[in-house]
Each structure stands twice: as structure tokens, then as C-alpha cells.
Amino acid sequence: MIKAAILGATGYAGAELMRILSSHPEASIVYPASHSYAGKKFSDIYPGMRGICDMVLREDDISAAADAADVIFLSLPAGLASSLVTPEILSKSVVIDLGADFRLHDRSVYEEWYHTEHHSPELLEEAVYGLPEIHRSELKGRRLIANPGCYTTCSILTLFPLLKNGLIGKNGIIIDAKSGTSGAGRSEKLSSLFCEVNESIKPYGVATHRHTPEIEQELSLAAGESIVLQFTPHLVPMNRGILSVCYAHLEDGVTESDVAEAYSMYSGEPFVRIIEGLPETRFVKGTNLADISYRIDKRTGNIIAMGAIDNLVKGAAGQAVQNMNAVFGLDETEGLVMGAGCPL
């Protein structure tokens with residue numbers, strides 16, 4: 001059994017990790033930790049887990065976690081992971097960081113967008129960007145995994161095949177994305193109150209959202225050259241879900257069959273479904289699935305590529321477990337085979 005520690009176990013992503021790992025056939029939680037709720041039972045914070053996970057939460061102590069566990073999941077605010085992860089910690093335990101500290105290869109880009117110092121830039125080259133559908137060959141046996149963000153996972157998976165195969169122009173790409181309110185985290189914020197969110201939709205982080213350079217980094221890898229794009233997120237009144245609608249201009253001569261062939265790179269991928277209909281967040285809710293579809297507008301010569309995921313599962317905890325499975329040589333689907341609940 002893989003022994004797992006979770007630091008930040010009572011945030012939304014951390015709690016989802018607790019839920020998934022509680023029923024994982026090859027892993028056991030040995031060090032659940034929460035700075036805010038140390039000493040309390042996890043099921044007291046999340047009553048839905050009564051009788052399933054009644055473990056007492058410990059203090060966030062990465063050294064103690066490394067001594068106890070084979071893998072440490074970090075679900076912490078930006079800037080903390082880079083101050084906690086050291087070569088000594090990595091010599092004892094694999095670290096999967098659900099935050100942003102190790103996602104960007106360039107320290108200066110990280111500090112510019114996150115407005116905080118990166119405390120361990122020497123580890124950036126060691127970190128693997130944990131999007132298995134693209135970086136699977138790099139994952140097995142690695143010690144430091146940067147779990148992608150939710151918007152980024154959805155947007156990258158949706159656009160990657162088109163850029164990898166040179167089917168769309170590299171300028172003028174627009175990503176219009178929507179997220180449920182759990183993407184803002186569990187801490188109390190005026191902007192996340194029911195009365196502030198319900199019956200409304202609003203853009204935020206316009207031209208400044210922190211996921212922008214992460215999307216550009218990975219899509220530049222696909223294109224083989226630097227990509228600059230427009231990314232605008234929106235907050236919608238639902239608990240879970242990401243919907244990314246991406247607009248790009250098709251290169252001359254590109255056909256429907258070319259696009260279909262490009263997306264065939266996902267054939268055999270257990271968590272990516274290329275669907276004929278249009279993606280909806282409700283059909284991936286609670287799952288590690290990404291539903292992707294596209295339409296070609298012959299009138300404008302544009303392609304509209306669309307993707308939907310659950311921000312807390314494929315966009316966070318589920319993908320982290322998928323990464324754990326890959327790192328330790330397990331089937332990536334272990335503990336993650338689940339469809340969306342019905343009725344929805």
C-alpha cells in the first residue's frame with residue numbers, strides 16, 4: 001500500500017483528496033493534516049464522511065509527513081510549497097503539489113504573475129508538469145510533480161491537439177472559460193457569498209489571471225514556438241465545474257478529417273472523451289473525466305473547441321491521484337473509475 005499524507009486536507013481540493021484516497025485500493029492515508037482544524041476529526045468538518053473517514057487531523061508538518069508517508073499531497077496557498085519542499089523532503093517522499101509553485105519553469109514568470117517570492121528555484125527543473133495525457137513518459141519514478149490548475153487542465157487538453165498538429169493559427173487564440181465557485185477555495189470571501197454569486201455571472205482576472213502563463217507554457221510546447229493568447233475566466237453560480245470555450249482560426253486547407261485525426265491522440269486515454277454533442281459540466285461532475293468537442297464555422301474559418309471538467313477532480317484532486325498512480329507504476333485509473341451521479 002502507498003502511504004499518503006495530505007497537507008491542507010480541509011480545503012475543497014484537500015477534502016476531495018481525502019474522499020478519493022479513502023477508497024483507493026492501493027493507497028492509505030497515514031497523515032491527514034490541517035492547520036485550521038488540527039486535533040479535530042475530518043468527519044466533523046465534512047459530515048458526509050462520517051464512518052468513512054473519521055481520522056483525527058494533524059498539524060501541517062511536512063517533515064513529519066515525509067517520515068510517515070511515501071507521497072505527500074500539498075494543497076496549500078501559493079508560495080508555501082516552495083518554502084517547504086527541500087531535497088531532504090524529496091529524498092524521503094514523493095511530493096505532488098496541487099498549488100502553482102512548481103508549474104512554471106521560469107522563476108521570474110512565476111514571481112511576476114503570483115506576486116510572491118519563489119523560495120526553491122533550484123527545484124523547478126526537477127519538477128514534472130503533471131498532465132499525464134501529455135507528460136506521461138516523464139512521470140514514473142519522479143519525486144516532484146506539479147499538479148496543473150483547473151482552468152489550465154481544461155484549456156490545454158482542449159487546444160493541445162490542434163496546435164501540436166499545426167491546424168490553427170498561433171496568433172489570436174481566445175479562451176473564454178467559466179468556473180463554479182469552489183474554484184475560489186473554502187476561505188471566507190465577500191465575493192463568494194451566496195448573495196454575491198447567485199443569479200449572476202461575472203468575468204474576473206481579465207488580462208491578469210494567474211493561469212494564463214501556465215496555459216501559454218504548455219501550448220507553446222505543443223506548437224514548438226512561443227504562444228501568446230487571450231484568457232478570460234468567469235464565475236458562475238454553481239458549486240463545481242469548468243467549461244472552456246476556445247476560439248482559433250483554422251489554417252488554410254484544414255478539413256474536418258484533419259481535426260478528427262488530431263483529436264485521435266486521446267484515443268485510449270481513460271479520462272478524455274471526445275464527444276459528438278456539446279460538453280456540459282454536469283456530465284463530468286464528481287469524475288476525473290474531460291469531455292471535449294469542437295465545431296468548425298465554415299463561414300468564418302474558425303474552430304470553436306470546447307472542454308468540460310470538474311475543477312475539484314480532474315482539475316485538482318483526481319488528477320493528483322492519477323499522477324500518484326503513474327509515479328508509482330499503478331494503473332492510472334486506480335481509485336478514479338466513477339461516472340457522474342444521476343440524477344444530476
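Among what's in the range 167-198 and is part of a helix (DSSP H, G or I) and under 22 Å from VAL313 (Cβ atoms), pick the residue that is modelled with the highest pLDDT.
So in the range 167-198, the residues part of a helix (DSSP H, G or I) come out as 181-184, 190-192, 194-197.
Next, only the ones that are under 22 Å from VAL313 (Cβ atoms) stay: 181-184, 192, 197.
On the way: THR181: 92, SER182: 89, GLY183: 86, ALA184: 79, SER192: 81, VAL197: 89.
Looking at residues that are part of a helix (DSSP H, G or I) and under 22 Å from VAL313 (Cβ atoms), I get THR181.
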Q) Since MET265 meets every condition but one in (1) over 22 Å from ASN147 (Cβ atoms); (2) touching a Pro at 6+ places or on another chain (Cβ under 9 Å); (3) not in a strand (DSSP E or B); (4) not polar (S, T, N, Q), which condition does it not meet? A) (1)
**Q.** The one condition in (1) surrounded by fewer than 17 Cβ atoms within 10 Å (Cβ to Cβ); (2) touching a residue at least 12 places away in the same chain (Cβ under 8 Å); (3) not aliphatic (A, V, I, L, M) that GLY253 fails to fulfil
**A.** (2)
Q: State the number of residues belonging to the range 276-317 that are under 27 Å from GLY169 (Cα atoms) and either of a type in the set (Phe, Trp, Tyr) or in a strand (DSSP E or B) (or both).
A: 16
Q. Which residue pairs have Cβ atoms closer than 6 Å, lie 6 or more positions apart in sequence or on different chains, and pair a first residue in the range 183-210 that is touching a residue at least 40 places away in the same chain (Cβ under 8 Å) with a second residue that is part of a loop (DSSP other than H, G, I, E, B) and loosely packed, with under 15 Cβ neighbours inside 10 Å?
A. VAL197/PRO237
Q. Among the residues of the range 146-166, is there at least one that is without any contact (Cβ under 8 Å) to a residue 60 or more places away in the chain, of a type in the set (Lys, Arg) and more than 30 Å from LEU90 (Cα to Cα)?
A. no
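Quick check: anything in the range 135-146 part of a helix (DSSP H, G or I), of a type outside the set (Lys, Arg) and within 22 Å of LYS3 (Cβ to Cβ)?
The answer is yes; a qualifying residue exists.
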Q. Can you tell me which of SER191, SER182 is surrounded by 10 or more Cβ atoms within 10 Å (Cβ to Cβ), among the hydroxyl-bearing types (Ser, Thr, Tyr) and either in contact with a Pro (Cβ under 6 Å, 6 or more places away or on another chain) or over 20 Å from SER75 (Cα atoms) (or both)?
A. SER191
Q.
For the condition part of a strand (DSSP E or B), of a type outside the set (Phe, Trp, Tyr), surrounded by fewer than 19 Cβ atoms within 10 Å (Cβ to Cβ) and in contact (Cβ under 8 Å) with a residue 12 or more places away in the chain, what is the one hit in VAL30, VAL95, VAL109?
A. VAL30
Q) Checking GLU332 against (1) closer than 21 Å to ILE29 by Cβ; (2) within 14 Å of the chain's Cα centre (by Cα), which single condition isn't satisfied? A) (2)
Q: Could you check PRO25 against (1) in contact (Cβ under 8 Å) with a residue 24 or more places away in the chain; (2) touching an Asp or Glu at 6+ places or on another chain (Cβ under 7 Å); (3) surrounded by 14 or more Cβ atoms within 10 Å (Cβ to Cβ); (4) more than 30 Å from PRO121 (Cβ to Cβ) and say which number it fails?
A: (3)
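The values are calculated or read from the model by the stated rules, or taken from the named source; none is laboratory data. These numbers were taken from a predicted model, which means no experiment stands behind them. All Cβ positions, even for glycine, are placed from backbone atoms using ideal geometry, and neighbour counts span all protein chains on display.
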